[in-house]
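The values are calculated or read from the model by the stated rules, or taken from the named source; none is laboratory data. On a predicted model such as this, the values are computed, not experimentally measured, just so you know. FYI the Cβ positions are ideal-geometry reconstructions off the backbone, even for glycines, and counts take in every protein chain you see.
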Amino acid sequence: MTALRATDQFPVRTFGGPTALFEYGGLRFLTDPTFDGPGDYGSSGPVLTKTAPATAAPADLGPIDVVLLSHDEHPDNLDTSGRALLADVPLTLTTPGGGQRLGEKAKGLADWESIELERPDGGTVTVTGVPAIHGPGTREEIEPVSGQVVGFVLTGEGLPTVYVSGDNASLDAVQRIAERFAPVDTAVLFAGAPRFPMLFDGAPIVLDSAQAAEATRVLGARRVVPVHYDGWAHFTEGRDELAAAFTAAGLADRLDWGRQV
C-alpha cells in the first residue's frame, strides 16, 4: 500500500444538512455552513423548513481555513449563522456570482478554474471549481430558477483526490468531472432528493439516492460521505434510502456516514 492510499480515510465530521468539516493537506475545510435552529426560512423561492438543529455550533469547530460554499442564495446551504462565520474565515470559495456578493474574502470559481492554497507544511492544495446544476435539466434551463451552483475537486501532491459535489442534480456533470479526475478517493456527495411540487414537476433538484450510487460508480469513488439528506422538510430521501440504494448497487462498502459530533 502506498502512502497515497494511507491518506484516503481522513476523518470527515458531519453536522446535519450540507455541513461537513475535514482537514486536508494541513488545512481545515468546511462545506456549506448551516447552524441556525429549526424553523421556517424564507428564500428566493419556496419557504424552507428546518426540522432538526445542527449537531454543533460554530464556536465548537475551531479555526476554519477555507469554506467551500456551493452557493450563497438558499438558507439550507448558507444561513444567518453561516454568514456570520464567514467573517472569521480567511477564504470562501463559491460561485462566480457569490464571489461578487460575499465580499473581498470570497472568491468565485468558474468551471475548471483552479486556485492554489499554501499548505502549512509546504507545497500546495489545488481547489478546482467543477460543474454543478441545481435541478433536472441544462444549466440554461435551471439557473434562472434555482441559481448558480459550483462543486469542488481538491488535489495535491501526496494527497487523495476529494470531490465535494455541492447541490448538483446532474449525472452528466459528474461524468464530465470523472473524465478529468477519476478515480476519486473521497466524494462528499450532496443527496436527499429535495423536491418542491411547484418546481420542475416535483423532480429532485439535487441527487436522489439511486443517482448518488450511480455517481459513486462513475467517479470510481473509494469512499462516499453523504451530506444534505437530513434536517430539512424538503429532503425526501434520508439515510435509509441512501443505504438501500448503495446496497442495491453493490456499493454499500463505500459509504462512510462521517463522524457526527
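Scan the stretch 20-49 for residues that are assigned to a loop (DSSP other than H, G, I, E, B), farther than 24 Å from residue 120 by Cα and at pLDDT 90 or above and the total you get is 5. Condition (residue is over 19 Å from residue 125 (Cβ atoms) and touching an Asp or Glu at 6+ places or on another chain (Cβ under 8 Å)) applied to the stretch 182-190: is it met by at least one residue? Yes; the residues of the stretch 182-190 include at least one that is over 19 Å from residue 125 (Cβ atoms) and touching an Asp or Glu at 6+ places or on another chain (Cβ under 8 Å).
Within the stretch 187-204, the set of residues being aliphatic (A, V, I, L, M) and out of contact with any helix residue (DSSP H, G or I) (no Cβ under 6 Å at 6 or more places or on another chain) comprises 188, 193, 198, 199, 203. Remark: residue 52 matches the filter, which requires a residue to be among the hydrophobic types (A, V, I, L, M, F, W, C), more than 18 Å from the chain's Cα centre (by Cα), in a loop (DSSP other than H, G, I, E, B) and over 20 Å from residue 22 (Cα atoms). A count restricted to the stretch 96-109 and to residues that are part of a loop (DSSP other than H, G, I, E, B) and either touching a residue at least 24 places away in the same chain (Cβ under 8 Å) or among the acidic types (Asp, Glu) (or both) stands at 3. Residues in the stretch 235-261 that are buried (at least 18 other Cβ atoms within 10 Å of the Cβ), farther than 11 Å from residue 187 by Cβ and not small (Gly, Ala, Ser): 235, 237, 241, 242, 246. Within the stretch 190-243, the set of residues being in contact with a strand residue (DSSP E or B) (Cβ under 8 Å, 6 or more places away or on another chain) and of a type in the set (Val, Ile, Thr) comprises 206, 216, 224, 225, 227. Quick one: count up the residues across the stretch 196-230 that are at pLDDT below 95, in a helix (DSSP H, G or I) and either crowded, with 24+ Cβ neighbours inside 10 Å or not hydrophobic (A, V, I, L, M, F, W, C) (or both). Total satisfying the criteria: 2.
In the stretch 113-124, the qualifying residues are those that are assigned to a loop (DSSP other than H, G, I, E, B) and in contact (Cβ under 8 Å) with a residue 40 or more places away in the chain, and the one that is farthest from residue 23 (Cα to Cα) is 123.
Would you pick out the residues in the stretch 139-154 that are at pLDDT 90 or above and either over 21 Å from residue 124 (Cα atoms) or in a helix (DSSP H, G or I) (or both)?
Matches in the stretch 139-154: 148, 149, 150.
For the stretch 225-247, the tally of residues that are within 15 Å of the chain's Cα centre (by Cα) and either more than 12 Å from residue 17 (Cβ to Cβ) or without any contact (Cβ under 8 Å) to a residue 12 or more places away in the chain (or both) stands at 1. Scoring residue 177 on the criteria (1) farther than 30 Å from residue 45 by Cα; (2) buried (at least 24 other Cβ atoms within 10 Å of the Cβ) leaves a single failure, condition (1).
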